[in-house]
1. Looking at this structure, is B:Ser152 among the polar types (S, T, N, Q), assigned to a helix (DSSP H, G or I) and farther than 23 Å from C:Ile78 by Cα?
2. Only one of these is in contact (Cβ under 8 Å) with a residue 40 or more places away in the chain, over 28 Å from A:Val268 (Cα atoms), in contact with a strand residue (DSSP E or B) (Cβ under 6 Å, 6 or more places away or on another chain) and not small (Gly, Ala, Ser): A:Tyr71, A:Tyr60. Name it.
3. Counting residues that are among the hydroxyl-bearing types (Ser, Thr, Tyr), which helices (runs of 4 or more DSSP H) fully inside segment A:75-161 reach at least 1?
4. Do you know which residues across segment C:173-221 are more than 17 Å from B:Val189 (Cα to Cα) and in contact with an Asp or Glu (Cβ under 7 Å, 6 or more places away or on another chain)?
5. Give me a count of the residues in segment A:76-105 that are in contact with a strand residue (DSSP E or B) (Cβ under 7 Å, 6 or more places away or on another chain) and surrounded by fewer than 24 Cβ atoms within 10 Å (Cβ to Cβ).
6. Counting only residues that are of a type in the set (Asp, Glu), give me the strands (runs of 3 or more DSSP E) lying completely in segment A:1-69 with at least 2 of them.
7. Looking only at segment A:4-15, decide whether some residue is more than 21 Å from the chain's Cα centre (by Cα), within 14 Å of chain C (Cβ to nearest Cβ) and among the aliphatic types (A, V, I, L, M).
8. Please determine, by comparing only the residues of segment C:97-117 that are aliphatic (A, V, I, L, M) and at pLDDT below 85, which one is surrounded by the fewest Cβ atoms within 10 Å (Cβ to Cβ).
Amino acid sequence: MSVIIEIKDYSWQYMNTRQAALNDINVQVKEGMFVGIIGANGSGKTTLAYSLNGLIPGQYNGIKHGEVLIYGKEVEEYKSGELQKFTGMVFSDPEAQFTAMTVEDELVFGLENLGMSIPEIRERLEWVTELTGLETMLLKPPYELSGGQKQRVALAAVLAMTPKLLILDEPTTMLDPVSRRRVFEVLAKLKQEQNNTIIVIEHNLENLIPLADRMILLSDSRLILEDETQQFFQNMELISQEGIYPPGALQFFYELKKAGKISDTLPVTLPDASKQLKQLFD
Amino acid sequence: MSEQTTASEITADEIWEVQPGERRSVGVIHIVITALLIGIGFVVGAFGSISFPLGFGVNFFWTGIAVQQIGAVWFGGWGVLAGTIFPFFSNAIAGTPFYVSAAYIPANLVQAFLPAWVFRRFKLDPRLKSGRDYGILFLAMIVSSAFGALWSPLVVLKGFGLLTTDSLPLFIWGWFGGNVVAGLVFNFVLLKALSAVVIRTPAFVKRWWS
Amino acid sequence: MNKTLLGYVPTQSPIYAIHPFVKLFFLLIVSLFPMFVTAPEWNMLLMLVLILLMWISRVDMRTLKIYVPVAISMGSIIIISYILMSGTHPEYQLIARFAGIKVYWERVRDAIVVYFRILPMIFTMVFFLSTSRERDVIVAMRTIRLPFVVTYVFAMALRSAGMVLEDFQIVRQAEQARGFDSTGKSLAYKIRKYVNYMIPLFALSLRRSEEFTNALVARGYAFTGEASRVKRADYVLTHYSFKYFDAIFTAIISISFIALLFMRYGYDYFAIDQSILLNWLKNILM
């Protein structure tokens, strides 16, 4: 698997601010990986996400040090509209992403920006509406849908462009648990069927952990922990100090480990936790 | 690495001057801000047109003037564009005939353009720090509304045969007063309250288009 | 029901069979008709035709109620302008005098002519707004090949207007939840309150500008550069086809307009002197 994202000694400070939003970030992401980024509010997660699809420095004024390379090329070197052909971004507030009158127009907007023909658009539309379950909503105004439906539309609008790199910035913040799960089901499908590289910023780890290959922890503009998911969550003390609350099962086993009742690797998913609990009782 | 200044330390000249090495270009944000201003103006202008009508889109307290003039001060040519376009839609909703609304365009263009021009020409502080800022803005409001008041009732409404010569003063003063009074109520407050924030956004326009 | 710019129209309405371009064309051309017609009965006929068209289109006729105050205020302004502020004109025919105000036949006639010119123009606009969905307006604009950025700005402006209204409602409800009630307060107080609404509405819109921009850029939209010159497929137009009856309606509107001009300037039709209503009224008043 080739490295498609390479961030080297990267720092970013927004204009008219006293502190950098990101300091000395070094990250490599290989193609096809699913990466979760977590951290407290203000730790720099969104800034990092914006740096990956050219919004920074394209739309923001600030001071940049280091490099952000996507497919071997610095983001600033991409011409306007070029990077967006293979990176897609979903934001936390779906409402702020809707500018069209109908769901269909919303989904088609990005495809028209790519210069696709009508037959290609039609085919892509069919595919993405089936993937995200939006077939019956195409003629509805997106702002009249429920929160979960809105976020599915926002996701579909980006997926329709079939980006090789998909970045989601807190995509389920405004959703109820059922809608949240639906979004992650779509992501799971993508991971399985399309081999996209997916980067998700999330506070809710329940749905993120089973899908993530690697996790990144940001704190106060710095990257303080990065590892494969299983190894990542063995650092529970550090994670807890940062105000991150992993799933209940993981916390439960962490408490058991602290009390000296177990010495095994902490289980990060519910099936693993269930298995380990059974072993404990046996 | 350049020195950072807070919004309160920056001078009026610095607000309008493009600094050495500063890159400014027209972008998507300007299209967006134009659309948003048209949207706000549409709502606010329609409120004024429906609540305080004199007739034919002339109002004796037109709240849309704030969006028209303040939008142009902050966003230059994009604000002027929005300020020229939105009254067309707000008047339409309020029942002004299509071609009458279209004929008001020059009046709305001047009403939006003049305050934007005086701020850039005289390097006024949009945060209204001095009497000079208030004074010149006030003059710009007077002159631009006077133009609008002469153009619209005199040229448009008389030209369409909708008014008599005897009733012209009512409409001229109505247009003029409706804009100046509403401008006095809204413009200064909005500039004072929001300019410090706006000048730090990427949407703020120093020249005319970026 | 389908939401139009001015209310709702049932999905089964025949108006949806008409191509949006024809509706826009209708607005642009028929709005001109009253400019060339001074005889009020013809403009009244046009109003009736418009009302009939709204009824056929299954527009909720209660929409017209919104414009009753507009019609009344417009009528009042015309009366004030033409009759009460008519000045002194010895060349005109005096028909009444009260409280120092001279009422001339010519002014009464002109007031009627102007009023019945304005009303059908308003009705034409109302017909367009009450039968056109937001998407229809976009399609009409794209059909006449207006640049994409123009149609997109228009669409975003409509969306933004909706959001401003929602924000306004939220701010007002929040105030009411805190026990604020403007009933019985003075106009000056209400205006001051309105100023306080404007500030957060502007601030919210400024924040939205950043979010919208990010969303547009993230989906490959560019205003300048190569990406802005991409040939757009205009997928929305595939849902609308220009049928034979659209061509017929367009032809009818065009021919009617040409015929109107021909009769007006060639044969002096639709002029004041030809008006049966005005002649009858003159006979009554004089």
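1. Numbers: among the polar types (S, T, N, Q): yes; assigned to a helix (DSSP H, G or I): yes; farther than 23 Å from C:Ile78 by Cα: no.
Answer is no for this residue.
2. On the way: A:Tyr60 fails: in contact with a strand residue (DSSP E or B) (Cβ under 6 Å, 6 or more places away or on another chain).
Checking each option against the conditions leaves just A:Tyr71.
3. Values: elements: A:103-113, A:118-132, A:147-159.
Where helices (runs of 4 or more DSSP H) fall fully within segment A:75-161 and carry at least 1 residues being among the hydroxyl-bearing types (Ser, Thr, Tyr), they are A:118-132.
4. Answer for segment C:173-221, where residues must be more than 17 Å from B:Val189 (Cα to Cα) and in contact with an Asp or Glu (Cβ under 7 Å, 6 or more places away or on another chain): just C:Glu211.
5. Within segment A:76-105, the subset in contact with a strand residue (DSSP E or B) (Cβ under 7 Å, 6 or more places away or on another chain) is A:83, A:86-92.
After this cut, where a residue has to be surrounded by fewer than 24 Cβ atoms within 10 Å (Cβ to Cβ) as well, the list is A:86, A:92.
Residues that pass the stated criteria total 2.
6. On the way: elements: A:3-14, A:22-30, A:34-39.
Qualifying strands (runs of 3 or more DSSP E): A:3-14.
7. First, the residues of segment A:4-15 that are more than 21 Å from the chain's Cα centre (by Cα): A:9, A:13-15.
Then keep just the ones that are within 14 Å of chain C (Cβ to nearest Cβ); that gives A:14-15.
Applying the additional criterion that residues be among the aliphatic types (A, V, I, L, M) yields A:15.
Within segment A:4-15 (the criterion being more than 21 Å from the chain's Cα centre (by Cα), within 14 Å of chain C (Cβ to nearest Cβ) and among the aliphatic types (A, V, I, L, M)), the answer is yes, since at least one residue qualifies.
8. To start, the set of residues in segment C:97-117 that are aliphatic (A, V, I, L, M) comprises C:99, C:101, C:103, C:108, C:111-114.
Subsequent filtering for residues that are at pLDDT below 85 retains C:99, C:101.
Values: C:Ala99: 5, C:Ile101: 12.
Out of the qualifying residues, it is C:Ala99.
The values are calculated or read from the model by the stated rules, or taken from the named source; none is laboratory data. Note that the structure is a prediction, hence the values are computed from the model and not measured. Cβ atoms come from the backbone with ideal geometry, glycine included; neighbour counts cover every protein chain shown.
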